[in-house]
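Undergrad: Submitted below is the structure of interest, expressed as structure tokens.
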Amino acid sequence: MDGEHSALSGVERERARLPPIHNSSPPAVLGRGTKQPFPSLGSFISLLSQRREAGGRGFSDSFTGSLTNPAGLKHVRELPPISSDIRHKQRLSIDTLPLEVKAPFPCDPIIPLRSKTTKEFQGDMEHAIQSGDWREIREFYLTTFNSFIEINAAFKREANGLFNTTEDSGVNAKFVSTVYDALLSTPQDIQKSVLKGIINSLLREWKGPRTKNDLRAYFILIQNPQYSSSSIYVIFAHLLRQIAALSEADHHFLVHWLKRLSARRFRQLVERLLQFISTRLFPAETDELPPSAKCSWWVPSATKVLSLFNAANSVSCPPIMPFTDFYNITLEHIDFMEDYRTWQNYGNSNRFSFCQFPFILPIVVKKAIIQKDSEQQMISQARLSLVSKVSRRQRVDMNLLFLNIKVRRAQLLSDSLDELTRKRCDLKKKLRVTFVGEAGLDMGGLTKEWFLLLVRQIFHTDYGMFTYMKDSHCHWFSSWKSDNYSEFQMVGTLMGLAVYNSIALDIHFPLYCYRKLLTPPTVPCDQNVLVGMATATLDDLQQVMPDLAHGLSELLSYQGNVEEDFHLTFQVFQEEMGVVKSYNLKAGGDKIPVTKQNRKEYVQLYIDFLLNKSIYTQFAAFYHGFHSVCASDALMLLRPEEVEMLVCGSPELDMVAMQKAAQYEGYSKTDTPVRCFWDVVLAFPLELQKKLLHFATGSDRVPVGGMADLNFKISKIDVPADWLPISHTCFNQICLPPYRTRKELKHKLTIAISNAEGFGLE
């Protein structure tokens, strides 16, 4: 590119004017004048040998003197301590070091002192804007971004401080923000000088590992707002490439520094990276960017850097931004199944695929991958069955392509269990439900009704499979023991079928349940391997039993005598079917008192017992039921929250989108009752909007595909205007009497949605 060439030519002309640099000097001191060469390792060892042979002053004194004597080694600084985060695989000696490390040891050059403060810079900017004299500002930007050393000099809180920890980058974040916020309002020549300086820095020939000052420079450079323009993408791409190529240890530092950015700056950088990826995949103009074939590394580099932000977001408590904000909806338009197959074949090797970085894939894409993967498995099975029948000259029944469920309403639960057990080989086929003795073809309504009725029965407290936890408003597995856990397997199968058939279920499990479902995400080949045994914490118990979690938290922080005041042992009691039973948390637990020293162990064992061990058999059956339908490598792409969204739908309501996608029968969208309906609904508070959705569909959550996937319909019903609205949840339909005024409609609709029981089934 002409712009890039001219910038590079300027760099070369600048270098030609510089005095010669000794080969052993660190490349970071370009532009700082001549430096004394740092002695090689060989000459350093020779110096020590001469000291010993001379028998003069002690080794320690002479060594210290050579480092502190101004006439001696002027540019040697004390080496920073080795980070505690680095795990050494072996003890290093000079013989085990690689060749590039045996070369003269590089050291961090002395960083020049720059005293410009945020307040002084702001004063300079105000003066430049008022007077039109930009010389001071021009010189500041030209000097600051000319090299990594100068970047550190300007923005490091202490020029030659170490700051070699993940907890503190040593960067003056306020000053960085001030300088960058002002940059885009400066004249164009100043902005171009910054870009030329960045090119100069990125073109350095790197030898050996990066220093922490280099990491600081990358950390500062990636915040530059100029990268928002696609005309700067070539420079941005090279910066991303260098950051992506850093070592794992360097990435670890960057992750912890990134999480300390302000929420506003953090979001800006994430959105900039997402836009960069989208523009590279689908440029607005064909000649806007270099040909894709010549810069195929752009998207992988940007995605890897984005993964550092995702990691920073994950380790922040609470997260800086919702995980869904890392989704790139552009990826809904790529061949994601090809990307998925690449990932299946090559895993996390050097062959890039977005599936290596699942945080960027929208939930819609992940759902489509799971469904298509299951469909391909189903088609393969169906093809084998068809070939087998044809080869035996048997009549081909097209029902072979469906999972046909026939049930009696009076025996819904037992019939469903029998059908799912008998047809377990057909679970990946398209579901079709028939109610015995009832005419009609299942066009989706009967299937949804079957799901709603089953869930209503299974989760009823009288049935005893699940306990409703009033404090947390969720269901949890009953701990009663049985000889047959097939019904728990049926619930898991039902959840899997709901995902596969795009049915949102109105069930309320805590998030920890979905984490257990992904432990592990694929069913182990070895049947002896435990499943669903996710590590449990107090936060997980808080989701299920908040009162107990609070009590255990108080036990951990209690300052008095734990043993005498609580009188606890490593034995717990649990009520099962009206009978209180005791369980030891460890061998001989009933004789081991809980003390201040072992209370952490007690709490951890108690939590693990409640959430894992006491319900293991029930949950294992539930786990295998779910995976019998959704068995797919694609489950490895999912977070627990995303599994919940697939099963129950999304909690994010968009009534405007629902209005746009609505269908009408007997009314048109311009009719008075319809216009009044949407005026009222759009003005409802969130809670009433949820009640309306529950009244109309049987769930207060939205399918993963959004409101458009609801197929919501408003139908006219010829009844007196004093009637309440009626819903058909199986068809996501509201029947609306011909109300004449907005006030009348609001009154009747509010009564209807506030007093609907169960699933709102008619």
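Undergrad: Restrict the check to region 508-518 and report whether at least one residue is over 26 Å from the mean Cα position of the chain (by Cα) and open to solvent by 10 Å² or more (accessible area, probe 1.4 Å).
TA: Within region 508-518 (the criterion being over 26 Å from the mean Cα position of the chain (by Cα) and open to solvent by 10 Å² or more (accessible area, probe 1.4 Å)), the answer is no, since none of the residues qualifies.
Undergrad: Could you tell me whether any residue of region 374-382 is assigned to a helix (DSSP H, G or I), free of Cβ contacts under 8 Å to residues at least 40 places away in the same chain and either assigned by the TED database to the domain that holds VAL704 or under 29 Å from VAL702 (Cβ atoms) (or both)?
TA: Scanning region 374-382 turns up at least one residue that is assigned to a helix (DSSP H, G or I), free of Cβ contacts under 8 Å to residues at least 40 places away in the same chain and either assigned by the TED database to the domain that holds VAL704 or under 29 Å from VAL702 (Cβ atoms) (or both).
Rundown of residues vs (1) touching a residue at least 60 places away in the same chain (Cβ under 8 Å); (2) open to solvent by 60 Å² or more (accessible area, probe 1.4 Å); (3) in a loop (DSSP other than H, G, I, E, B); (4) outside the structural domain of CYS730 (by the TED database), yes/no style:
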| residue | (1), (2), (3), (4) |
| --- | --- |
| LEU653 | no, no, yes, no |
| LYS669 | no, yes, yes, no |
| PRO673 | yes, no, no, no |
| LYS691 | yes, yes, no, no |
| VAL704 | yes, no, yes, no |
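Undergrad: Tell me the residue from ASP590, ASP608 that is in contact with a Ser or Thr (Cβ under 7 Å, 6 or more places away or on another chain), part of a helix (DSSP H, G or I) and over 30 Å from LEU417 (Cβ atoms), please.
TA: The match here is ASP590.
Undergrad: LEU686 fails exactly one of the following numbered conditions: (1) in contact (Cβ under 8 Å) with a residue 40 or more places away in the chain; (2) farther than 30 Å from GLU563 by Cβ; (3) open to solvent by 60 Å² or more (accessible area, probe 1.4 Å). What is the number of that condition?
TA: Here LEU686 clears every test but (1).
Undergrad: Taking the condition of being in contact with a Pro (Cβ under 6 Å, 6 or more places away or on another chain) and open to solvent by 80 Å² or more (accessible area, probe 1.4 Å), how many residues in region 303-350 meet it?
TA: Summing the residues that are in contact with a Pro (Cβ under 6 Å, 6 or more places away or on another chain) and open to solvent by 80 Å² or more (accessible area, probe 1.4 Å) in region 303-350 gives 1.
Undergrad: When you check SER715 against the structure, is it crowded, with 16+ Cβ neighbours inside 10 Å, in contact with a helix residue (DSSP H, G or I) (Cβ under 6 Å, 6 or more places away or on another chain) and over 30 Å from ILE369 (Cα atoms), yes or no?
TA: Judged against the criteria, SER715 is not a match.
Undergrad: Please name all residue pairs, on different chains or six or more residues apart, with Cβ atoms under 9 Å, provided the first residue is in region 453-464 and is assigned to a helix (DSSP H, G or I) and the second residue is modelled with pLDDT under 90 and surrounded by fewer than 19 Cβ atoms within 10 Å (Cβ to Cβ).
TA: Qualifying pairs under 9 Å: LEU453/LEU761; ARG456/GLY758; ARG456/LEU761; GLN457/TYR463.
Undergrad: Can you tell me how many residues in region 126-144 are of a type in the set (Phe, Trp, Tyr) and not in a loop (DSSP other than H, G, I, E, B)? Please lay out each step first, then the result.
TA: If we filter region 126-144 for residues that are of a type in the set (Phe, Trp, Tyr), which is where we start, we get 134, 140-141.
From the residues that got through so far, the ones that are not in a loop (DSSP other than H, G, I, E, B) too are 140-141.
The total comes to 2.
Undergrad: Going through ALA217, ALA159, ALA173, ALA245 one at a time, which residue ends up being surrounded by fewer than 20 Cβ atoms within 10 Å (Cβ to Cβ), farther than 23 Å from ARG280 by Cβ, aliphatic (A, V, I, L, M) and within 28 Å of the chain's Cα centre (by Cα)?
TA: That would be ALA173, the only listed residue that is surrounded by fewer than 20 Cβ atoms within 10 Å (Cβ to Cβ), farther than 23 Å from ARG280 by Cβ, aliphatic (A, V, I, L, M) and within 28 Å of the chain's Cα centre (by Cα).
Undergrad: Of all residues in region 128-138, which are open to solvent by 10 Å² or more (accessible area, probe 1.4 Å) and more than 16 Å from THR117 (Cβ to Cβ)?
TA: Of everything in region 128-138, those that are open to solvent by 10 Å² or more (accessible area, probe 1.4 Å) and more than 16 Å from THR117 (Cβ to Cβ) turn out to be ILE129, GLN130, SER131, GLY132, ASP133, TRP134, ARG135, ARG138.
Undergrad: In addition: Among the residues of region 526-565, count how many are closer than 29 Å to HIS624 by Cβ, open to solvent by 60 Å² or more (accessible area, probe 1.4 Å) and of a type in the set (Gly, Ala, Ser).
TA: Residues flagged as closer than 29 Å to HIS624 by Cβ, open to solvent by 60 Å² or more (accessible area, probe 1.4 Å) and of a type in the set (Gly, Ala, Ser) within region 526-565 amount to 0.
Undergrad: Looking only at region 611-629, count how many residues are touching a strand residue (DSSP E or B) at 6+ places or on another chain (Cβ under 9 Å) and hydrophobic (A, V, I, L, M, F, W, C).
TA: 4
Undergrad: Mind telling me which of the residues LEU682, LEU724 ends up being at pLDDT 90 or above and under 40 Å from the mean Cα position of the chain (by Cα)?
TA: On inspection, the qualifying residue turns out to be LEU682.
Undergrad: Would you confirm, using the coordinates I've provided, whether ASN711 is free of Cβ contacts under 8 Å to residues at least 24 places away in the same chain and within 30 Å of ILE458 (Cβ to Cβ)?
TA: In short, no.
Undergrad: Being of a type in the set (A, V, I, L, M), touching a helix residue (DSSP H, G or I) at 6+ places or on another chain (Cβ under 8 Å) and modelled with pLDDT under 95 narrows it down to one of ILE320, ILE360, ILE369, ILE379, so name that one.
TA: None of the others qualify; the one that does is ILE369.
Undergrad: To continue, here is another question. Give the number of residues within region 260-293 that are open to solvent by 30 Å² or more (accessible area, probe 1.4 Å) and either over 24 Å from ILE220 (Cβ atoms) or outside any helix (DSSP H, G or I) (or both).
TA: The total comes to 14.
Undergrad: Report, by residue number, each residue of region 335-360 that is under 21 Å from PHE282 (Cα atoms) and touching a Leu at 6+ places or on another chain (Cβ under 9 Å).
TA: PHE336, ASP339, TYR340, PHE354, CYS355, PHE357, PRO358, PHE359, ILE360
Undergrad: Sticking with this structure for a sec: For region 737-753: of the residues being part of a loop (DSSP other than H, G, I, E, B) and either free of Cβ contacts under 8 Å to residues at least 12 places away in the same chain or not hydroxyl-bearing (Ser, Thr, Tyr) (or both), which is most open to solvent (accessible area, probe 1.4 Å)?
TA: ARG740
Quick grid of which residues meet (1) among the hydrophobic types (A, V, I, L, M, F, W, C); (2) open to solvent by 80 Å² or more (accessible area, probe 1.4 Å):
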| residue | (1), (2) |
| --- | --- |
| LEU386 | yes, no |
| LYS389 | no, no |
| MET398 | yes, yes |
| VAL407 | yes, no |
| LYS429 | no, no |
| PHE435 | yes, no |
| MET469 | yes, no |
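Undergrad: Something else about it: Cβ-Cβ distance below 6 Å, separation of 6 or more or different chains: which pairs start in region 294-314 with a residue that is in the same structural domain as LEU269 (by the TED database) and part of a helix (DSSP H, G or I) and end on one that is open to solvent by 20 Å² or more (accessible area, probe 1.4 Å) and of a type in the set (A, V, I, L, M, F, W, C)?
TA: PRO300/PHE352; THR303/PHE357; SER307/PHE357; ASN310/PHE359; ASN313/ILE320
The values are calculated or read from the model by the stated rules, or taken from the named source; none is laboratory data. Nothing here was measured: the structure is a model prediction, and the numbers come from that model. Note that we place each Cβ from the backbone using ideal geometry, even for glycine, and neighbour counts take in every protein chain shown. Just so you know, the surface numbers come from the protein's heavy atoms only, side chains and all, with ligands and any DNA or RNA stripped out. Shrake-Rupley method; radii C 1.70, N 1.55, O 1.52, S 1.80 Å.
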